[in-house]
Amino acid sequence: MCSLREMKLHLALTLVLALSVPAFAQQTPQQIADAELPSLITIYKDLHTHPELSTHEERSAAIVAKELKAAGYEVTDHVGKYDKPGLTCFGVIGVMKNGDGPVVAVRTDLDALPVHEDTGLPYASTVTTKNDAGQEVSVMHACGHDIHMSTFIGTARALAKLKDKWKGTVIFIGQPAEETVGGARALLKDGLYTRWPKPAYVLGFHDNAQLETGHIGVTSGYTYANVDSVDVMVHGVSGHGAYPHKTKDPIVLSAEIINAWQTIASRMNNPVDPIVVTVGSIHGGTKHNIIPDDVKMQLTVRTYKSDVRERVLAAIEQIAKGCAMAAGLPNDKMPEVFVRKDEFTPATYNNPDLTKRLVGVWKQSLGENNIEMVDPTMGGEDFSEYSLPDHSIPAVDVHIGAVAPEKIAESKKPGAAPLPSLHSSKFAPVPEPTIRTGIVTMTSAVLDLMKK
Ligand SMILES: [Zn+2]
Ligand SMILES: [Zn+2]
């Protein structure tokens, strides 16, 4: 038994204890995501209505910086150095230090695309601007980077509120110029891993135009390809179209080279290693009856493994020169093959151990039925740059479903139109629960990697 006085003291102590435990201590990422959603949807719609082209993300970067600051992060803006002189880089870095522990980075991109929006949404973009070539273009968040920024802000808020559940340093990377690539490289060039702590893990995410909202898609190992841009100049000896025997026709030669390149995938490559060699542009000649001096071609070359990449690039040159030799071109008129090193994007590799660990986390935080294993693609993503060469920093880039289930069902009916893809003028991700799912995905992943 205790006296009334003791009881009062006990009650007072209990009250003090209850009040000293912060209200957020009991919160889960799911609850925080729910609570933050209305404000994030407002931010999302605003970002969607005000898209900005790659390297021009001034307003979007300012919103991301402001929100990170408001959530308690130490923020640096205008981070990044492009190779092109005179171009401002709108990178945003937000850091929160919370004692000793691992450094984990989370990345969003900021940029939109030169697409005329045709979604009919009440918050659709009507923005037009001049592109770098001086042409008037429409601008749209057709890749959903506005979904990314909103999810990123939500994740930053959630981790700030859950500070008692993790230790270490979390770095939020707002990256410009993903669509044109170069943004990730510009941040690294400006000391992303020297001015700020180098992460032990890097996490990225991308909305997905084929996957159900509320679901996430995961790939282990290679998920996006090495992307090389290659210029090929095929020389010939020009002359009159009526006298081909007096010329060396670079157009016929180019046709032969293009056909011979098809044997790189079909005959020279191990079939278990995916590769793509696409000639996306070919230009030669001015008139019906003139055999021109040269033909220019532009290729995109996709591979996963580094050694496969080297072999494919070497084969492109070897075949072009071999065909030219067979056509009787002299040594000084061999085709010139130029691999644009400044435009190279390395393959994105989801570290298998980290992927396995996070899939376990996501089964808990999102529910087993909401995780789908998805196939890799030969698309490209400069998220890969953050892993550094040879994927030395473990990273995972996860797909966040963004399509209403009834739309998916509709698209599967016989004769139905396919779902609009990313970059389509009709791509309209469902903000809710896509953003909520993204926040829970990223927050639960960071919490596991940094848990106390
Ligand atoms: Zn895109
Ligand atoms: Zn994108």
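The values are calculated or read from the model by the stated rules, or taken from the named source; none is laboratory data. Just so it is clear, the model here is predicted, and its values are computed rather than measured. FYI the Cβ positions are ideal-geometry reconstructions off the backbone, even for glycines, and counts take in every protein chain you see.
Being of a type outside the set (K, R), out of contact with any Ser or Thr (no Cβ under 7 Å at 6 or more places or on another chain), within 16 Å of ligand 1 (Cβ to nearest atom) and touching a residue at least 24 places away in the same chain (Cβ under 8 Å): is that true of H391 here? Before the answer, list the steps.
Details: of a type outside the set (K, R): yes; out of contact with any Ser or Thr (no Cβ under 7 Å at 6 or more places or on another chain): yes; within 16 Å of ligand 1 (Cβ to nearest atom): no; touching a residue at least 24 places away in the same chain (Cβ under 8 Å): yes.
So H391 does not fit the description; no.
Which pairs turn up if I take residues in segment 123-146 that are farther than 25 Å from K84 by Cα and look for partners that are of a type in the set (V, I, T) and in a loop (DSSP other than H, G, I, E, B) with beta carbon separation below 6 Å, at least 6 apart in sequence or on another chain?
V127/V139; A142/V115
Taking segment 112-169, which residues are on the phi > 0 side of the Ramachandran plot and either within 16 Å of ligand 2 (Cβ to nearest atom) or in contact with a Pro (Cβ under 8 Å, 6 or more places away or on another chain) (or both)? Write out each step before concluding.
Step one: of segment 112-169, the residues on the phi > 0 side of the Ramachandran plot are 120, 134, 144, 168.
G144, G168 - these are the residues of segment 112-169 that are on the phi > 0 side of the Ramachandran plot and either within 16 Å of ligand 2 (Cβ to nearest atom) or in contact with a Pro (Cβ under 8 Å, 6 or more places away or on another chain) (or both).
Can you name the residue in segment 132-152 that is within 16 Å of ligand 1 (Cβ to nearest atom) and part of a loop (DSSP other than H, G, I, E, B) and is also surrounded by the fewest Cβ atoms within 10 Å (Cβ to Cβ) among such residues?
My answer is V139.
Every residue, every condition in (1) touching a Leu at 6+ places or on another chain (Cβ under 7 Å); (2) of a type in the set (S, T, Y); (3) farther than 23 Å from S229 by Cβ; (4) not in a strand (DSSP E or B), yes or no:
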residue: V95; (1), (2), (3), (4): no, no, yes, no
residue: V115; (1), (2), (3), (4): no, no, no, yes
residue: D118; (1), (2), (3), (4): no, no, yes, yes
residue: Y193; (1), (2), (3), (4): no, yes, yes, yes
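Can you report the number of residues in segment 195-237 which are assigned to a strand (DSSP E or B) and in contact with a Leu (Cβ under 9 Å, 6 or more places away or on another chain)?
Selection size over segment 195-237: 18.
Consider segment 167-217. How many of its residues are under 18 Å from the mean Cα position of the chain (by Cα) and among the β-branched types (V, I, T)?
6
When both residues are 6+ apart or on different chains and their Cβ atoms are under 9 Å apart, which pairs have a first residue that lies in segment 194-217 and is within 9 Å of V403 (Cα to Cα) and without any contact (Cβ under 8 Å) to a residue 40 or more places away in the chain, and a second that is more than 16 Å from ligand 1 (Cβ to nearest atom) and among the hydrophobic types (A, V, I, L, M, F, W, C)?
none
Taking interchain pairs and intrachain pairs at least six residues apart, which have beta carbon atoms under 6 angstrom, with the first residue in segment 296-322 and among the small types (G, A, S) and the second crowded, with 22+ Cβ neighbours inside 10 Å and in a helix (DSSP H, G or I)?
Listed by first residue and then by second, the contacts come to A320/I257.
Any idea which of A404, A428 is surrounded by 15 or more Cβ atoms within 10 Å (Cβ to Cβ), closer than 18 Å to Y44 by Cα and either more than 16 Å from ligand 2 (Cβ to nearest atom) or of a type in the set (S, T, Y) (or both)?
That would be A404, the only listed residue that is surrounded by 15 or more Cβ atoms within 10 Å (Cβ to Cβ), closer than 18 Å to Y44 by Cα and either more than 16 Å from ligand 2 (Cβ to nearest atom) or of a type in the set (S, T, Y) (or both).
Within segment 158-178, how many residues are buried (at least 24 other Cβ atoms within 10 Å of the Cβ) and part of a helix (DSSP H, G or I)?
Counting residues in segment 158-178 that are buried (at least 24 other Cβ atoms within 10 Å of the Cβ) and part of a helix (DSSP H, G or I) gives 2.
Being buried (at least 16 other Cβ atoms within 10 Å of the Cβ), of a type outside the set (V, I, T), part of a loop (DSSP other than H, G, I, E, B) and modelled with pLDDT of 95 or more is true for just one of L313, L329. Which residue is that?
L329
Which pairs do you get when a residue that is closer than 29 Å to K167 by Cβ, found in segment 101-119, comes within reach of a residue that is assigned to a loop (DSSP other than H, G, I, E, B) and basic (K, R), reach meaning Cβ atoms under 6 angstrom, with the pair 6+ apart or on two chains?
Partner pairs satisfying both residue conditions: G101/K167.
Give the residues of segment 179-196 that are surrounded by fewer than 24 Cβ atoms within 10 Å (Cβ to Cβ) and over 25 Å from L159 (Cα atoms), sorted by residue number.
Keep residues of segment 179-196 that are surrounded by fewer than 24 Cβ atoms within 10 Å (Cβ to Cβ), which gives 179-181, 185, 188-191, 193-196.
Those that are surrounded by fewer than 24 Cβ atoms within 10 Å (Cβ to Cβ) and over 25 Å from L159 (Cα atoms): E179, T180, V181, R185, K189, D190.
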